[in-house]
Amino acid sequence: MEVNIINLITIFILAVFVGNEIINKVPPTLHTPLMSGSNAISGIAIVGALLAITMDGTLGTYLGLAALICATINVVGGFLVTDRMLKMFKKKR
Amino acid sequence: MNQTDIQNLLYLISAIGFIVGIKRLSHPRTARSGNFLASLGMLVAIIATLTSGADFDWKLIGLGVGIGSILGVMIAVRVQMTQMPQMVAIFNGLGGAASAFVASAAYISGSDSSYIIMCMSLFIGTLTFSGSFIAFGKLQGFISGRAITFTGQQAMNALIFGSIIALLIAHNLSLLPNDTIFYTITVLALMLGIGLTIPIGGADMPVVISLLNSYSGIAAAATGFLLDNNALIISGSLVGASGLILTNIMCKGMNRSLANVIFGAVGAVSSIDNSDQKEMNIKSYSTTEAAMILDAAEKIIIVPGYGLAVAQAQHVAREVADTLEAQGKKVLYAIHPVAGRMPGHMNVLLAEANVPYDLLKDLDEINPEFEDCDVALILGANDVVNPAARHDKSSPIYGMPILNVDKSRTVIINKRSMNPGFAGVQNELFGYDNSIMVFGDAKDMLNDLLKEIKEL
């Protein structure tokens, strides 16, 4: 696998800047949902887990399965609980 | 376009879903759709992976996704809003664990990725995992919430960190077998996660949760480097940035530097010198008297603290506020950044009690409002309203931004007893001329107050 590390670093740095810009605009009221929502997004490791399962070797596969379970809890639980919280935010009638 | 291009394009779409999703989180009105959009982004990323044409073991994937989904739904539906910090701690830990497992799987199956990147990914993931579970234990009360310290603690953490770097150098010089290095790093990272979290006191937990949130993102990004996958890098760094920003906000809310939170071990032993404590003239009032003061008031600001949520009194607090509003009074809520146990926690707890979000005001917004406020009603908050933070250089909380409740005409403080707050500091506000105390459990007191107000 020929990995262009500089390209990856470029993407990483630019994404940090984008993250900085958009997250600074989230008001304190929504910081908890932001955290649980971004938690769900960090469940993107699910992609890594799916790829890990296809790797060679029995032990590797089971480690991939463990990763998949952890990441799925993160994704499913994270988005659901965030929605549950956001549903409660109501404006004054 | 070949298969890889299509896949990368799909990953790009998913990244856009995350970015626009978070962007929509900037207003309560659009937030729910933003969260939905982000979850669609995740779905696209999963589909992109599964359609890559790799040789997938579908049974195993079904098993993993099935178990994970059931557990995820159970946690999400059952968790109480007061337990949100614990839940986020667990999720942070799982995210870290997932990254560490992927790194291990890659290593064991002889992936041709860079060894150093695998080790880094393993290190960050494992550290996030063990740190998060200590944080969870502290929040849940399995482990003492106090800062646990011993001599040489920081030296030990530094030593562990140094060893990891030494191991990586040893790898470069081919001094040790790769296996030995890899497994040693796992153990060391586990220890470092524990070592860095255990000395942090309960009051500083919001900072730690935020920081671990950031780590879980960085761990995902590291996995992206490992697998040469843009989706992981972009989403991971978004989460990393988010956690870091929240960490910074929490630190500012307590007027502490991050280094001070991590290495300061505040709250280890509350050795407060009581000898030079000034005599305070405390005026204890009944709920009837408090109700009469509220009856005469026109503008009331409620200052909720975490104690209110623990007593599950936020619902009756909202009823009191509604009743006062119905009598034509103006009622607002003042939310300090560290009012809850994690960033924005108090807002969620009040939203759960049906308090409209537009009545919740943050520090900068509300402080000018106290000047012409008739009554500030303090419910379970303490350190965040202590005026000593403004002027008393010897106070441990000096410099911390506080809610200027003392500027109100009258300050009504509900407390169980005269016990000092988290920071272990006695609050001089209680002795002020315009302060009155109403002792008792928040829920009982508010229920009585509600009755009295309605009868007046």
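The values are calculated or read from the model by the stated rules, or taken from the named source; none is laboratory data. All values reported here derive from a predicted model rather than from experimental measurement. Ideal geometry is used to build each Cβ from the backbone, glycine not excepted, and the neighbour counts take in all protein chains shown. Remember, those area values only see protein heavy atoms, side chains included, never the ligands or the DNA or RNA. Shrake-Rupley method; radii C 1.70, N 1.55, O 1.52, S 1.80 Å.
How large is the dipole of the protein assembly as shown about the Cα centre if only Lys and Arg carry +1 and Asp and Glu carry -1, each at its Cβ, rounded to the nearest 20 debye?
600 debye
For a quick protection proxy, order the peptides B:204-211, B:26-33 by their average other-Cβ count within 10 Å, most packed first.
B:204-211, B:26-33
What residues have an amide H closer than 5 Å to that of B:Ile302, excluding those fewer than 5 places away on the same chain, when H is modeled at 1.01 Å from N in the peptide plane?
For B:Ile302, the qualifying residues are B:Leu332, B:Tyr333, B:Ala334, B:Leu377.
Which cross-chain or sequence-distant (5 or more) residues have an amide H under 5 Å from the amide H of B:Val438, H modelled 1.01 Å from N in plane?
B:Tyr285, B:Ile413, B:Asn414, B:Lys415
Report the label-to-label distance for B:Arg416 and A:Asn20 in nanometres (one decimal), using points 7 Å from each Cα along the Cα→Cβ vector.
Label-label distance for B:Arg416 and A:Asn20, simple model: 4.3 nm.
Would you mind estimating how fast chain A diffuses translationally, via Stokes-Einstein at 25 °C and 0.890 mPa s with the Kirkwood radius over Cα pairs, in µm²/s?
Estimated diffusion coefficient is 156 µm²/s.
Give the whole-number value, in cubic angstrom per residue, of the convex hull volume spanned by the C-alpha atoms of chain B.
Hull volume over Cα atoms, normalised by residue count, gives 154 Å³.
Are there any helices in chain B, counted as whole DSSP H runs, that stretch 24 Å or more along their axis by Cα and score at least 0.0 on average by Kyte-Doolittle, and if so which?
B:3-24, B:28-50, B:58-78, B:84-108, B:115-140, B:153-172, B:178-197, B:205-227, B:230-253
If you rank B:His171, B:His336, B:His391 by how much accessible surface each has, with a 1.4 Å probe, what is the order from largest down?
Greatest to least solvent exposure: B:His391, B:His171, B:His336.
Hey, could you get me the Stokes-Einstein D for region B:346-435, Kirkwood radius over alpha-carbon pairs, 25 °C and 0.890 mPa s, rounded to whole µm² s⁻¹?
175 µm²/s
Need the list of aspartates and glutamates near A:Lys90 for cross-linking: C-alpha distance under 12 angstrom, and skip anything on the same chain fewer than eight residues off.
A:Lys90 reaches B:Glu352, B:Asp358.
Any idea how far the Cα center of region B:135-206 sits from the one of region B:331-391, in Å?
Using only Cα atoms to place each centre, the spacing works out to 36 Å.
Given the peptides B:157-165, B:222-230, arrange them by the average over their residues of other C-beta atoms within 10 Å, most packed first.
Peptide ranking by packing, descending: B:222-230, B:157-165.
So which of B:Lys415/B:Lys454; A:Lys25/B:Lys443; A:Lys92/B:Lys443; A:Lys87/B:Lys59 end up more than 29 Å apart by C-alpha?
Checking Cα-Cα distances, A:Lys25/B:Lys443; A:Lys87/B:Lys59 exceed 29 Å.
Tell me, what is the FRET efficiency for B:Asn434 and B:Asp392 to the nearest 0.05, using R0 = 25 angstrom and their Cβ-Cβ distance as r?
Taking R0 as 25 Å, the efficiency between B:Asn434 and B:Asp392 is 0.85.
Dipole magnitude of chain A about its Cα centre, charges +1 at Lys/Arg Cβ and -1 at Asp/Glu Cβ only, in debye to the nearest 20?
About 960 debye.
Straight-line reach only, C-alpha to C-alpha below 23 angstrom: list the lysines that B:Lys393 could link to, leaving out same-chain residues fewer than 8 apart.
List returned: B:Lys252, B:Lys278, B:Lys407.
Might you tell me the accessible area per residue for chain B, computed with a 1.4 Å probe and given in Å²?
Ligands and nucleic acids excluded, the result is 41 Å² per residue.
What angle, in degrees between 0 and 90 and rounded to the nearest 10, separates the Cα long axis of helix A:58-88 from the longest principal axis of the Cα atoms of chain A?
10 degrees
Sorted from largest down, give the three principal axis spans of the alpha carbons of region B:29-142, whole angstrom values.
That gives 45, 32, 28 Å along the principal axes, largest extent first.
If B:Tyr333, B:Tyr306, A:Tyr62 are ordered by their accessible area, calculated over protein heavy atoms with a 1.4 Å probe, which sequence runs from highest to lowest?
Solvent-accessible surface, decreasing: A:Tyr62, B:Tyr306, B:Tyr333.
Among A:Ile13, B:Gln86, B:Gly41, whose Cα sits farthest toward the positive end of the charge dipole of the protein assembly as shown (+1 at Cβ of Lys/Arg, -1 at Cβ of Asp/Glu, about the Cα centre)?
Value computed over the given set: B:Gly41.
Could you check how much of the accessible area of chain A is carbon and sulfur, as a whole percent, using a 1.4 Å probe?
Exposed carbon and sulfur together represent 65 percent of the surface.
Dipole size in debye (nearest 20) for region B:308-394 around its Cα centre, Lys and Arg Cβ +1, Asp and Glu Cβ -1?
That gives a dipole near 280 debye.
Where the accessible area of chain B is counted over protein heavy atoms with a 1.4 Å probe, how much of it, in %, is carbon and sulfur?
Ligands and nucleic acids excluded, carbon and sulfur give 59 percent.
How big is the B-A contact in terms of buried accessible area, both chains counted, 1.4 Å probe, rounded to the nearest 100 Å²?
8000 Å²
List the aspartates and glutamates whose alpha-carbon lies under 15 Å from that of B:Lys299, not counting same-chain residues fewer than 8 positions away?
Leaving aside aspartates and glutamates fewer than 8 places away in the same chain, those within reach of B:Lys299 are B:Asp322, B:Glu325, B:Glu369, B:Glu371, B:Asp372, B:Asp374, B:Asp406.
Points 7 angstrom from Cα along the Cβ direction at B:Ser163 and B:Lys454: gap in nanometres?
Each label point is offset 7 Å from its Cα along the Cβ direction, giving 6.4 nm.
Please average, across the residues of B:75-85, the number of beta carbons from any other chain that are within 10 Å of each residue's own beta carbon, and give a whole number.
4
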